[in-house]
Amino acid sequence: HQVLVTLTGGEALIRRDIEDIGIALRKRGYQWGVVTNGMLLDQARMNSLLRAGISAITLSLDGFEEQHNAIRRNPHSFQNALRALRVIINSGIRYDVVTCVTPDTFDTLPAFKEFLAAEGCKAWRIFTIFPVGRAAEDDKLQLSPQRYRELMEFIAATRKEGKIACSYA
């Protein structure tokens, strides 16, 4: 079983030396990957990461444009993440999209699943906010026990449907 070292942050791709880190990991026999918000991932950067031997990418995409941008606090975040998703899918690299579900985004999950599938996304990981930092101070970010159960049922139904591999993490 091959070990995968995942570089994350903040934003992993803000590091200008991430390719050097990746090359060093490969030389030591490790596969490596990144978690990114997609803001800095265009085709040129993907090509650079591929030359450095990247094995996997996780892209954070928390919902449709208005919701994603509000969560990320950046008006350009969604468009950059969508560009990154298309670059990632076309690269052939192992990947997944990770979505943080909040009470405000919960009802959009079925439509968002369809959106991701239409984009060609094959792997989707869903999670809920862990109550630390901003989330500890804002209970509007936490799912109720009933909504959490409904989320697990949604994931099970999505798996059964088979359009997109869906998991909870």
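The values are calculated or read from the model by the stated rules, or taken from the named source; none is laboratory data. Quantities reported herein were computed from a predicted structural model and do not represent experimental measurements. All Cβ positions, even for glycine, are placed from backbone atoms using ideal geometry, and neighbour counts span all protein chains on display. Each accessible area value is taken on the protein alone, full model and side chains, heavy atoms only, with ligands, DNA and RNA left out. Shrake-Rupley method; radii C 1.70, N 1.55, O 1.52, S 1.80 Å.
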Exercise. Would you check if V97 is surrounded by 15 or more Cβ atoms within 10 Å (Cβ to Cβ), assigned to a helix (DSSP H, G or I) and touching a helix residue (DSSP H, G or I) at 6+ places or on another chain (Cβ under 7 Å)?
Key: no
Practice problem: Report the residue count in region 123-141 for those that are surrounded by 15 or more Cβ atoms within 10 Å (Cβ to Cβ) and assigned to a loop (DSSP other than H, G, I, E, B). | Solution: 1
Self-check item: Residue that is nearest to G38 (Cα to Cα) [pool: residues in region 69-91 that are of a type in the set (G, A, S) and at pLDDT below 95]
Solution: S77
Practice problem: May I ask you to list the residues in region 142-169 that are outside any helix (DSSP H, G or I) and among the hydrophobic types (A, V, I, L, M, F, W, C)? | Solution: L143, I164, A165, C166, A169
Quiz item: Within region 60-98, how many residues turn out to be closer than 19 Å to T128 by Cα and β-branched (V, I, T)?
Solution: 3
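How many residues are part of a strand (DSSP E or B) and either open to solvent by less than 10 Å² (accessible area, probe 1.4 Å) or over 19 Å from I164 (Cβ atoms) (or both) if we restrict to region 57-89?
2
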Self-check item: Of all residues in region 1-24 being closer than 15 Å to L40 by Cβ and in a loop (DSSP other than H, G, I, E, B), the one that is most open to solvent (accessible area, probe 1.4 Å)
Solution: R16
Self-check item: Residue satisfying all of: in region 25-56; open to solvent by 70 Å² or more (accessible area, probe 1.4 Å) and either at pLDDT below 95 or not in a helix (DSSP H, G or I) (or both); nearest to C100 (Cα to Cα) among these
Solution: L40
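Listed here are the residues, each with its yes/no results for (1) modelled with pLDDT of 95 or more; (2) more than 17 Å from A81 (Cα to Cα).
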| residue | (1), (2) |
| --- | --- |
| F115 | yes, no |
| E119 | yes, no |
| R125 | yes, no |
| T128 | no, yes |
| R134 | no, yes |
| E137 | no, yes |
| T158 | yes, yes |
Practice problem: Hey, could you check region 103-122 for residues that are crowded, with 16+ Cβ neighbours inside 10 Å and among the aromatic types (F, W, Y) and say which is farthest from G92 (Cα to Cα)? | Solution: F106
